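As structure tokens, the structure follows; a few thoughts come after it.
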Amino acid sequence: MTLSATPAPSPLPGRLNLFWSPRSPFVRRVMVAAHELGLAQDIHRIDTAVAMTGCHAGLMQVNPLNKIPTLITEDGAALFDTMLICEYLDSVAAVPSLFPPARAARLQSMRWHALGHGLTDLLVLWRNERNRPPAKQSGEVMRAWDSKASATLGQLQSEVAALQAAPLSIGQIAVACALGYLDFRFEQMRWRDSVPALGAWFDGFNQRASMQATLPALA
Ligand SMILES: N[C@@H](CCC(=O)N[C@@H](CS)C(=O)NCC(=O)O)C(=O)O
């Protein structure tokens, strides 16, 4: 099955081209990083609707995994996945700042990134499962995702003071984009009720210009 009747618009030569969607929490992480690094205006966004159940012809020419975000660099290389794109943007920024070089700070940031990234992965899979016909859904796997999401939120809440104190890095950005996705797609979960301190941290972080410029949108 191919989703796109018309191929995605061509990447613009000599620019940073991003296969993008306003709904993807992974894409949002890249765009938040780009805003924080002062690179957002250098990125040409290619609006790309993807689904796990189909293949996007234009995207698959550059990324056989059919995933967004995918970044085409100025010299034409196709980069994926989200972490690599963020690391690339950091490396070309005037002042790289999102991947701490010092060992302890780097481990802390990568660990938060893993929690935020893993939570996002789980939520995207969960949403896909939820959208299948009821007869095909696995209640068992969805209950397990519920438990894992709750446990991850509890873990993050226990680290709020450190999340607040550490200099901004890709770790906090990944966590914040995962929490933003909960608001966007899992509103009925009312996640703040069980982890209010994490909710307060997120609500503060969400005021950053980079987060406000990348709020998820249905259209
Ligand atoms: N591991 C990937 C995950 C990206 C991902 O799953 N993106 C979703 C959109 S939110 C996607 O492209 N889905 C299409 C598919 O799975 O074919 C990354 O970190 O970039």
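The values are calculated or read from the model by the stated rules, or taken from the named source; none is laboratory data. Keep in mind it's a predicted model, so treat the numbers as computed, not measured. Using ideal geometry, Cβ is built from the backbone for each residue, glycine included, and neighbour counts are taken over all protein chains shown. Ligands, DNA and RNA are excluded from the accessible area calculation, which covers all protein heavy atoms including side chains. Shrake-Rupley method; radii C 1.70, N 1.55, O 1.52, S 1.80 Å.
About its Cα centre, region 125-193 has a charge dipole of approximately 280 debye under the convention of +1 per Lys or Arg Cβ and -1 per Asp or Glu Cβ, with nothing else charged.
Approximating the spin labels as points 7 Å out from Cα along Cα→Cβ, the residue 44-to-residue 87 distance works out to 2.7 nm. Taking Cβ atoms as reference points and 12 Å as the exclusive limit, the residues near residue 141 contribute a net charge of +2, counting Lys and Arg as +1 and Asp and Glu as -1.
Projecting the Cα atoms of 114, 205, 167 onto the charge dipole of region 103-208, computed from C-beta unit charges around the Cα centre, puts 114 farthest toward the positive end. Which one, 76, 34, 56, projects farthest toward the positive side of the charge dipole computed for region 16-92 from Cβ point charges (K/R +1, D/E -1)? It is 56, whose Cα lies furthest towards the positive end.
Quick one: putting +1 on the C-beta of Lys and Arg, -1 on the C-beta of Asp and Glu, what dipole do you get for region 5-70 around its Cα centre, in Debye to the nearest 20? Intermediate results must be reported in sequence, preceding the final value.
Details: 6 positive and 3 negative charges, 25 e Å.
Result for region 5-70 is approximately 120 debye, rounded to the nearest 20.
In sequence order, region 60-75 has phi-based couplings of 5, 5, 10, 9, x, 7, 6, 10, 10, x, 10, 10, 9, 6, 4, 9 Hz under the Karplus curve 6.51 cos²θ - 1.76 cosθ + 1.60, θ = phi - 60°, and Gly or Pro positions carry x. Residues whose amide H comes within less than 5 Å of that of residue 63, counting only those at least five positions distant or on another chain, are absent (H built at 1.01 Å from N in the peptide plane).
Quick check: the distance between the Cα centres of region 63-83 and region 104-153, to the nearest angstrom? Here the two parts' Cα centres lie 23 Å apart.
Distant-in-sequence amide contacts of residue 23, defined by a placed amide H-H separation under 5 Å and a gap of 5 or more residues or a different chain, comprise 217. Close amide H pairs (under 5 Å, H built 1.01 Å from N) link residue 55 with 2, 3, residues at least 5 positions away or on another chain.
Within region 16-92, what whole-number % of the accessible surface is contributed by carbon and sulfur, with the 1.4 Å probe and all protein chains included in the calculation? If you can, show how the numbers build up before the last one.
On the way: 1660 of 3080 Å².
Taking all protein chains in place, region 16-92 shows 54 percent carbon and sulfur surface.
Can you tell me how the chain classifies by the Cα gyration tensor, rounded, prolate or oblate, using a/c under 1.5 as the rounded cut? Judged from the Cα gyration tensor, the chain comes out oblate (a/c at least 1.5, b/c at or above a/b). Rolling a 1.4 Å probe over the protein heavy atoms gives the chain an accessible area of 49 Å² per residue. Of the listed residues 208, 23, the order by accessible area with a 1.4 Å probe, largest first, is 208, 23.
Were the residues from residue 207 through residue 136 laid out at 0.36 nm apart, the gain over their Cα-Cα distance would be 21.6 nm.
Overall, the chain carries a charge dipole of about 420 debye about its Cα centre when +1 sits on the Cβ of Lys and Arg and -1 on the Cβ of Asp and Glu, all other atoms neutral.
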